[in-house]
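My questions will all concern the structure given below.
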Amino acid sequence: MPSAYLRSLNPRLPLPVWLLQIGGLTNSFGNGLALPFLVIYLHNVRGFSLGTAGLVVAVSSFAQLVAGVVAGPLIDRVGARPTLACGLVLQAIGFGLLPLVREPWEAFVLVAIEGAGSAGFWPSQSTLISRLTPAARRHAAFAQQRVTMNVGIGLGGLTAGWIAVVGNPTTFTVLFVLDALTFPAYVGVLAFVHDPGVAPEEAGDSPASYTAVLRHKTFLGLWTLNFLFVAAGYSLFNLLPAFARDQSHLSERQIGAIFFVNTLAIVLAQLPLSRWIEGRRRMRALALMPLLWAAAWLIVEAGGYWFTAGAAFLVIAFAAVMLGIGECFHGPAHQALVSDIGSPHLRGRYFAVHSLSWGLAGTVGPAVGGFILAAAPFALWPLASAVCLVAAAGVIAIERYIPPDLRRIPRDDALTPTLAEAPG
């Protein structure tokens, strides 16, 4: 029985998709080394204010927003694989030179370079996954992407917690250099991945432009929802370490452990939840994410207000578990829908515009949140919780506009060649 259950969790993905997962795992491990401690590095090591540190994070997202306009046409015309490789190189430069930062403007320049690379990274990787995966397994592919990404981030965060010491800036140099090295490693993996491009039957008659994407009202509704998810959810996780350290007096190791616990929750829950929601209504499953996040941010608030040290660590770690479980619904329910809702020959542009929601919300969330955290630390999390509740209501409201054949998560029992089964 247990072995049958484990076999049922097999996402059944083609070999090239597994190679992308391996590259993503390496890359996300590096990001796990750097991202949890970026605000702490800028604030506690380099002496920038919390507001300025939040703005630095926001500039990365703003650069992603601006560069994302170019990324879509590049993917559709030049190809997803070269666009992804260029994005990885830019990110390596941005993170690798962070140890040289002494003034805020230097940090702004470097994170802008990193953000431009990220603009090419996400839509091109998502386009590759969509092109290489059968339609009935795309929800599983994006679920697996979440697993590998979060395994890397969690292991990276846990490792960074043992390396980083605020009183020793050299330890942060180690983090950023190691992170930078993971990007060319992913470029090496891409040498073994073929981009099939757009099949002739999927070419479509409409011209390849952003106009068709921006006229798609249902897609714009999904874009708006993702903006709220990122602004009040994903992006604020970057501010959690500073809150936990300053208000609950958690150590660097405890902060790293919180990221690891969050990752562990995602790794253990992602594939079972992805399997569980197959055949179920997509938007109702997606609504569980912001509802769980709303509760989690209130628990973070309680952990910082009423507890310190070990007790605060346990409370905030529990909230991190809830955040992780909530995140498990995003990939299979939302990201896979973005892949399927538009014309295949415009997929690069759809993902590029969708990435703008990450960039814009990633700008607004840390920028506004950083100043709120500096002025009134305990006001941030109730506000984030309220926005998450609004997002949950929006998910339910938009369901009637989703095409009928996409309202349920696909359930496919036909086997797709796996890593072990792929022909040599």
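Find the residue count for region 95-107, including only residues that are touching a residue at least 12 places away in the same chain (Cβ under 8 Å) and in a helix (DSSP H, G or I).
Number satisfying all stated conditions: 6.
The rows are residues; the columns are (1) polar (S, T, N, Q); (2) in contact with a strand residue (DSSP E or B) (Cβ under 6 Å, 6 or more places away or on another chain); (3) open to solvent by less than 10 Å² (accessible area, probe 1.4 Å).
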| position | (1), (2), (3) |
| --- | --- |
| 19 | no, no, no |
| 26 | yes, no, no |
| 45 | no, no, no |
| 68 | no, no, yes |
| 123 | no, no, yes |
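To continue, here is another question. Given the conditions (1) assigned to a helix (DSSP H, G or I); (2) more than 19 Å from the chain's Cα centre (by Cα); (3) modelled with pLDDT under 85, and given that residue 267 satisfies all but one, which numbered condition is not satisfied?
All conditions are met except number (2).
Let me ask you something else. Restricting to region 272-294, give me the number of residues that are open to solvent by 40 Å² or more (accessible area, probe 1.4 Å) and not aromatic (Phe, Trp, Tyr).
Residues in region 272-294 being open to solvent by 40 Å² or more (accessible area, probe 1.4 Å) and not aromatic (Phe, Trp, Tyr): 7 in total.
A further question on this structure: Just give me the residues in region 368-391 being open to solvent by 10 Å² or more (accessible area, probe 1.4 Å), in contact with a helix residue (DSSP H, G or I) (Cβ under 7 Å, 6 or more places away or on another chain), in contact (Cβ under 8 Å) with a residue 40 or more places away in the chain and of a type in the set (Gly, Ala, Ser), in sequence order.
374
Being touching a Pro at 6+ places or on another chain (Cβ under 9 Å) and under 9 Å from residue 266 (Cβ atoms) is the filter here; which residues of region 313-327 pass it?
none
Looking at region 16-36 only, could you name the residues that are among the hydrophobic types (A, V, I, L, M, F, W, C) and modelled with pLDDT under 85?
Within region 16-36, just 35 meets the criteria.
Do you know which residues across region 108-162 are free of Cβ contacts under 8 Å to residues at least 60 places away in the same chain and of a type in the set (A, V, I, L, M)?
Residues satisfying the conditions are 109, 110, 111, 112, 113, 116.
Looking at 101, 166, 111 in this structure, which one is at pLDDT 85 or above and under 18 Å from residue 238 (Cα atoms)?
Answer to the selection: 111.
If I go through region 304-321 residue by residue, how many of them are without any contact (Cβ under 8 Å) to a residue 40 or more places away in the chain and open to solvent by 10 Å² or more (accessible area, probe 1.4 Å)?
Adding up the residues that qualify gives 6.
Taking the conditions exactly as written (at pLDDT 80 or above and either assigned to a helix (DSSP H, G or I) or not polar (S, T, N, Q) (or both)), does residue 374 satisfy them or not?
Yes: the conditions hold for residue 374.
Out of all the residues in region 338-358, which are modelled with pLDDT under 80 and either assigned to a loop (DSSP other than H, G, I, E, B) or under 11 Å from residue 119 (Cα atoms) (or both)?
Scanning region 338-358 gives 342, 343, 351, 352, 355, 356, 358.
What is the residue count in region 246-259 for residues that are in a helix (DSSP H, G or I) and buried (at least 24 other Cβ atoms within 10 Å of the Cβ)?
Within region 246-259, residues that are in a helix (DSSP H, G or I) and buried (at least 24 other Cβ atoms within 10 Å of the Cβ) number 4.
Let me ask something additional. Quick one: which residue in 175, 239 is modelled with pLDDT under 90, crowded, with 22+ Cβ neighbours inside 10 Å and closer than 15 Å to residue 36 by Cβ?
Only one candidate passes the filter, namely 239.
Being farther than 20 Å from residue 149 by Cβ and either touching a strand residue (DSSP E or B) at 6+ places or on another chain (Cβ under 8 Å) or buried (at least 19 other Cβ atoms within 10 Å of the Cβ) (or both) narrows it down to one residue among 110, 132, 88, 97; which is it?
Among 110, 132, 88, 97, only 110 is farther than 20 Å from residue 149 by Cβ and either touching a strand residue (DSSP E or B) at 6+ places or on another chain (Cβ under 8 Å) or buried (at least 19 other Cβ atoms within 10 Å of the Cβ) (or both).
Given the conditions (1) of a type outside the set (Ser, Thr, Tyr); (2) under 26 Å from residue 68 (Cβ atoms); (3) out of contact with any helix residue (DSSP H, G or I) (no Cβ under 6 Å at 6 or more places or on another chain), and given that residue 134 satisfies all but one, which numbered condition is not satisfied?
Among (1) of a type outside the set (Ser, Thr, Tyr); (2) under 26 Å from residue 68 (Cβ atoms); (3) out of contact with any helix residue (DSSP H, G or I) (no Cβ under 6 Å at 6 or more places or on another chain), the lone unmet condition for residue 134 is (2).
The values are calculated or read from the model by the stated rules, or taken from the named source; none is laboratory data. Model, not experiment: these values are computed from the prediction. FYI the Cβ positions are ideal-geometry reconstructions off the backbone, even for glycines, and counts take in every protein chain you see. The protein model used for the area step is the full one, side chains on, heavy atoms only, and it has no ligands, DNA or RNA in it. Shrake-Rupley method; radii C 1.70, N 1.55, O 1.52, S 1.80 Å.
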